[in-house]
Amino acid sequence: MSSLHQRETSLWHPFADMSAVRDEQFCVARAEGVWVYDQQGRRYLDGTAGLWYCNAGHGRTEIVDAVARQMRELDTYFVFNDVTNPPAEQLADRLAGLAPVDDAKIFLTTGGGESVDTAAKLARLYWVHQGRPERTHILSRGNAYHGTNGMGTSIGGIEANQAGFGRLVPDTERVDRDDAESLREAIERIGADRIAAFFAEPVMGAGGLYPPKPGYLEAVAKICAEHDILFVADSVICGFGRVGGWFGVERWGLRPDMITFAKGVTSGYLPLGGVVVGGRVAEPFWRQPGHPFRHGPTYSGHPSVAAAALANLDILEREELPARADALERPLHEGLLSLADHPAVGEVRGGTGLLGAVELAPDVLAADPGAAARLQRAVRDRGVIVRPLAKAVAVSPPLTVAESEIDLLVQALREGLDEVTTD
């Protein structure tokens with residue numbers, strides 16, 4: 001039985017070659033726990049938790065009920081100027097209390113891309129209010145993914161995501177992915193007095209799923225502090241238990257100037273993101289009159305979305321799901337490592353949270369540059385969903401996944417690799 005829904009669509013799919021998918025899509029009709037179901041009723045292990053976000057698993061009626069209650073009382077309203085609402089206030093207080101940042105303030109957005117753009121604009125404006133408007137440069141890493149909004153596209157390190165759009169935001173530059181000295185060299189060449197901030201994902205996601213080399217994050221945080229450069233952790237993927245801890249930076253003892261978040265804060269049930277802003281960066285905006293931050297999405301502080309986040313945080317906390325990610329990290333990594341000697345595999349990455357990737361061998365990619373997409377489809381045919389990247393497939397199951405279900409994921413990958421090898 002085919003899992004593909006065959007009809008010409010009017011829906012433009014992100015990142016898709018629409019000529020290939022316009023009349024043949026994989027239609028997800030419902031979900032429960034770690035499983036999603038197509039329109040024919042066939043179930044699939046959600047080996048990616050959606051797009052890295054469904055940390056608490058699907059079908060959590062507690063979240064649904066919280067949103068419904070909130071919608072009956074105050075469905076929607078804005079938080080511009082002096083307007084507020086109880087769920088937004090409660091969520092900001094709760095997140096500020098969880099964040100490993102001194103005197104944290106919370107700026108809410110509707111997703112990760114907006115959060116990155118918010119943090120980047122805020123970094124530049126902070127230096128304006130310090131009398132240093134020349135500090136505009138923003139540094140990031142090769143292979144980095146920081147969303148697809150204007151600023152995030154500009155500071156991203158995936159070249160294909162920038163190609164064809166022309167000149168975007170100036171004064172941005174990439175450094176080598178895991179080489180702290182590359183950051184130091186860029187600072188010396190550009191001049192610390194011209195640099196506003198350095199952005200880094202704790203674990204790089206869409207750029208290939210690369211955990212940091214030992215000591216790297218601690219080293220770049222120290223370099224930023226030495227040169228008075230704002231350090232921004234992009235924890236959109238890594239937060240809310242994905243790599244353990246609430247914001248994904250606690251594992252390395254980091255205390256960034258800002259942290260971007262999204263995805264797992266609601267387990268994807270409703271769109272929400274934000275920026276944790278440390279007291280140092282917030283100070284000129286909060287304590288000095290005449291410095292409004294003229295920026296913000298319409299749905300910032302949306303009460304029903306905030307209610308979803310609060311209910312999701314209750315689940316994560318009550319069921320100790322961030323700690324569960326720590327416990328499952330090793331079984332997932334060992335399962336993926338069992339594929340390392342397969343002739344179609346070039347590298348296995350993981351071991352830092354409930355994340356991992358299997359990169360295809362160079363000869364497989366040389367014979368078919370689209371082999372990762374073929375592998376993804378072969379695995380899906382076996383009842384497991386994984387995420388295709390340029391050279392690899394990534395996995396990031398819900399934090400509620402069982403070890404037996406991890407075994408199922410690994411077996412589907414093994415059989416899919418066999419198919420890719422024999423085709």
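Magnitude of the charge dipole for the chain, about its Cα centre and with charges confined to Cβ atoms of Lys, Arg (+1) and Asp, Glu (-1), is about 760 debye. Summarised in one figure, the compactness ratio Rg/Rh of region 265-423, Cα atoms and Kirkwood Rh, is 1.13.
Note on Lys105: lysines with a C-alpha under 22 Å away, same-chain residues under 8 apart excluded, are Lys121, Lys263. Based on C-alpha pairs under 8 angstrom that are at least 6 apart in sequence, the chain has a relative contact order of 21 percent. With loop defined by DSSP as not H, G, I, E or B, and exposure as at most 14 other Cβ atoms within 10 Å, which is the longest segment of the chain clear of exposed trypsin sites (Lys or Arg not before Pro)? Maximal segment without exposed cleavage sites: 295-423. For Met71 and Glu185, the difference between the fully extended length at 0.36 nm per residue and the C-alpha to C-alpha distance is 35.8 nm. Accessible area per residue for the chain is 43 Å², calculated with a 1.4 Å probe on protein heavy atoms, without ligands, DNA or RNA.
On a straight-distance basis, which lysines could pair with Lys222 in a cross-link, Cα separation under 18 angstrom, same-chain partners fewer than 8 positions away excluded? Lys222 reaches Lys213.
Toward the positive end of the charge dipole of region 254-356, with +1 on the Cβ of Lys and Arg and -1 on the Cβ of Asp and Glu, the farthest Cα among Pro297, Ser267, Leu355 is that of Pro297.
From largest to smallest, the equivalent ellipsoid semi-axes obtained for region 1-100 from the alpha-carbon gyration tensor read 35, 18, 15 Å. For region 60-143, relative contact order (Cα pairs under 8 Å, six or more residues apart, normalised by length) works out to 11 percent.
Structure remark: mean-square fluctuation, Gaussian network model of the chain, C-alpha springs under 10 Å; the largest value among Glu250, Glu159, Glu173 belongs to Glu159.
Taking each residue as 0.36 nm, the span from His291 to Arg30 lengthens on full extension beyond its C-alpha to C-alpha distance by 89.3 nm. Pairs of Cα atoms nearer than 8 Å and 6+ residues apart set the relative contact order; for region 1-98 it is 17 percent. Distance from the C-alpha centroid of region 170-202 to that of region 69-135: 26 Å, rounded to the whole angstrom.
In the chain, the DSSP-assigned H stretches of four residues or longer account for a calculated mean residue ellipticity at 222 nm of -11500 deg cm²/dmol, using -39500 (n - 2.57) per stretch and the full residue count as denominator.
Could you please state how large a percent of the accessible area of the chain is carbon and sulfur, counting protein chains only and using a 1.4 Å probe? That fraction is 50 percent. Measuring between their Cα centroids, region 231-252 and region 296-321 lie 17 Å from each other.
Taking a point 7 Å out from the Cα of Thr422 in the direction of its Cβ, none of the residues of region 332-356 has a backbone N less than 12 Å from it.
The values are calculated or read from the model by the stated rules, or taken from the named source; none is laboratory data. None of these values were measured; they are calculated from a predicted model. Every residue, glycine as well, gets a Cβ built from its backbone with ideal geometry; the counts of neighbours run over all protein chains shown. Just so you know, the surface numbers come from the protein's heavy atoms only, side chains and all, with ligands and any DNA or RNA stripped out. Shrake-Rupley method; radii C 1.70, N 1.55, O 1.52, S 1.80 Å.
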